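Novice: For reference, the structure I am asking about is given below.
The values are calculated or read from the model by the stated rules, or taken from the named source; none is laboratory data. Note that this is a predicted model, so its numbers are computed, not measured. Because the Cβ atoms are built from the backbone with ideal geometry, glycine has one as well, and the counts that use them run over all protein chains shown.
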Amino acid sequence: MTESRIQPSAEEAARQEYFMQEARKETEAVSRKLGRPLTCCIHTFGCQMNARDSEKLLGILERIGFQETEDENADFVLYNTCTVRENANLKVYGRLGYLNTLKKKNPHMLIALCGCMMQEPQVVEKIRKSYRFVDIVFGTHNIFKLAELICRRLREKTMVVDIWEGTDQIVEDLPAERKYPFKSGVNIMFGCNNFCSYCIVPYVRGRERSRRPEDILAEVKRLAEDGVVEVMLLGQNVNSYGKTLEHPMTFAQLLRRVNEIPGIQRIRFMTSHPKDLSEELIQAMADCKKVCRHLHLPLQSGSSRILKAMNRRYTKEQYLELTERIRAAVPDISLTTDIIVGFPGETEEDFQETLDVVRRVRYDSAFTFLYSRRTGTPAAVMENQVPEDVMKDRFDRLLAEVQRISSEVCGRDVHTVQKVLAEEPDTHLEGYLTGRMDNNTVVHFPGKKEWIGNILDVYLDESRGFYYMGHVQDRQGEDA
Ligand code: SAH
Ligand code: SF4
Ligand code: F3S
């Protein structure tokens, strides 16, 4: 089941174009027979990397002739899975049972699974044995092959499984269908070489590979010409971008180049590893006007002893010092983070160190996670796994502290006018829009759908802890 062909990317893109045409003939035939267009539904679990992959997968499916729907009762259902924590896996198994009942009613239905979970051999074994109604299984390294796999499935009439253990191939120039017309993720690198001892990502996403800067810049330019105003540069550790390129380039240099692209108004990036965050990057963030005043800087733990066991390669003091330098260079920056509680061997004292960092840094928000044991990672076989009740108790105390601080911190811009990118209709309030400030804080304000995709001046009337209620300042010629 392992394949590791290395082909020039242009050649592979052309090959896939052929399969998209072939698959299209099939879908057109079925669609004529049914007298309706065929539909597809993609469900994405996990991080921004998966979200971007799903846009590429949707691009391919639309080229084949499927129309997107939110409804899982579709002709093609694809789950793009995540395996970073056990509960992500459980969700997928749970939903598969439901898909099976839908498939029994629609014989044309194809079910496909891809993403990080599928890179685990024991998962694929389980699917083969217990979920035989699944049609196509593929992994994280070969998403560009979707059309080819669909053609194979239609020919072979049995489950098609194609998982690559790794790749050094980056296929450019495939279609992608953006979820939002005005903002887009842009992969700048794939994989991860850090091997934090709890984390499964390096095993399922493979070794670190950077895209060539000219390919990234060309993509951002194309996006800008197509109406995109905000890009999010994506990688598991963007701070080590470019190290493996033929002509090495730093992430800070790349950021400065993206900052020059006309039409782009906001630049975000995810994720930054503290050990690789350079002075050069801090300077670039301070200099580049389009780079958002927001930095997601995963802490994981505040205890230097636990950080060492996690293989994070920084200490509590180094992390704190780094946040001080960032705040000195970009004073109004908002800092957010990821924290794991209950890593093997974590004591109450270690946990107190984490709380201490949370209190000192005063994050705008923090994603907090219960440690989840991932098979194959060094931490999974460590002694002193923390009992669940202890872990949960710490989790609750951490969450309360994080929320208390963020409700104090997030309101700091109340009664000022801020630039807000209008993103979507408010899901709770009729006639309102939801948007984001440059520092990523959410704002709800009365507005028209036509404003979506524009950056507006919004007065922040009221802080409600994690978000604001506001109203748009005069827009010329329109009654705001
Ligand atoms: N590359 C990013 C993180 C990707 S995973 C980085 O290094 O910051 C997103 C988050 O999931 C991590 O930051 C971590 O907090 C959490 N996570 C990863 N593995 C985990 C595990 N085994 N248990 C609990 N949380 C985990
Ligand atoms: Fe996982 Fe660490 Fe890589 Fe992030 S940097 S993806 S936490 S191994
Ligand atoms: Fe999950 Fe894979 Fe992202 S494991 S967090 S979807 S890289």
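Novice: Can you tell me which residue within the range 175-193, out of those that are closer than 22 Å to T250 by Cβ, part of a loop (DSSP other than H, G, I, E, B) and of a type in the set (A, V, I, L, M, F, W, C), is nearest to ligand 3 (Cβ to nearest atom)?
Specialist: Restricting to residues being closer than 22 Å to T250 by Cβ, part of a loop (DSSP other than H, G, I, E, B) and of a type in the set (A, V, I, L, M, F, W, C), the top hit is C192.
Novice: So for the range 194-202 (the condition being more than 19 Å from V238 (Cα to Cα), touching a helix residue (DSSP H, G or I) at 6+ places or on another chain (Cβ under 6 Å) and assigned to a loop (DSSP other than H, G, I, E, B)), does at least one residue qualify?
Specialist: yes
Novice: Within the set of pairs 6+ apart or on separate chains, which have a first residue in the range 265-278 that is over 14 Å from T323 (Cβ atoms) and assigned to a loop (DSSP other than H, G, I, E, B), a second that is among the acidic types (D, E) and away from ligand 3 (no atom under 16 Å from the Cβ), and C-beta atoms under 7 Å apart?
Specialist: Q265/E230
Novice: Looking only at residues in the range 203-218 that are assigned to a loop (DSSP other than H, G, I, E, B) and without any contact (Cβ under 8 Å) to a residue 60 or more places away in the chain, which one is nearest to ligand 1 (Cβ to nearest atom)?
Specialist: Taking the candidates together, the pick is E208.
Novice: How many residues does the range 177-203 hold that are on the phi < 0 side of the Ramachandran plot and either within 11 Å of ligand 2 (Cβ to nearest atom) or surrounded by fewer than 19 Cβ atoms within 10 Å (Cβ to Cβ) (or both)?
Specialist: So the first thing to find is which residues in the range 177-203 are on the phi < 0 side of the Ramachandran plot, and the list is 177-190, 192-194, 196-203.
Right, trim to either within 11 Å of ligand 2 (Cβ to nearest atom) or surrounded by fewer than 19 Cβ atoms within 10 Å (Cβ to Cβ) (or both) and you get 177-181, 192-194, 196-203.
Going through the range 177-203 one residue at a time, the tally reaches 16.
Novice: Let me ask something additional. Taking the condition surrounded by fewer than 16 Cβ atoms within 10 Å (Cβ to Cβ) and either acidic (D, E) or away from ligand 1 (no atom under 16 Å from the Cβ) (or both), does R305 pass?
Specialist: No; evaluated as a whole, the condition is false for this residue.
Novice: Anything in the range 354-371 that is more than 18 Å from S334 (Cα to Cα) and buried (at least 19 other Cβ atoms within 10 Å of the Cβ)? List them, or say none.
Specialist: Across the range 354-371, the qualifying residues are T354, Y371.
Novice: Go through the range 372-402 and count every residue that is within 26 Å of the chain's Cα centre (by Cα), among the polar types (S, T, N, Q) and exposed (fewer than 15 other Cβ atoms within 10 Å of the Cβ).
Specialist: So the answer is 1.
Novice: Continuing with the same structure: Scan A379, A400 and give me the residue that is within 16 Å of ligand 3 (Cβ to nearest atom) and assigned to a helix (DSSP H, G or I). It would help to see each step written out before you state the result.
Specialist: Working: A400 fails: within 16 Å of ligand 3 (Cβ to nearest atom).
Being within 16 Å of ligand 3 (Cβ to nearest atom) and assigned to a helix (DSSP H, G or I) holds for just one of A379, A400, which is A379.
Novice: Among the listed residues G166, G139, identify the single one that is among the small types (G, A, S), surrounded by 15 or more Cβ atoms within 10 Å (Cβ to Cβ), more than 16 Å from ligand 1 (Cβ to nearest atom) and more than 29 Å from Q21 (Cβ to Cβ).
Specialist: On inspection, the qualifying residue turns out to be G166.
Novice: Still on this structure, please answer the following. When the range 161-174 is examined, which residues are found to be of a type in the set (D, E, K, R) and either more than 16 Å from ligand 3 (Cβ to nearest atom) or modelled with pLDDT of 95 or more (or both)? Steps first, please.
Specialist: Pass one, the range 161-174, residues of a type in the set (D, E, K, R): 162, 165, 168, 172-173.
Scanning the range 161-174 gives D162, D168, E172, D173.
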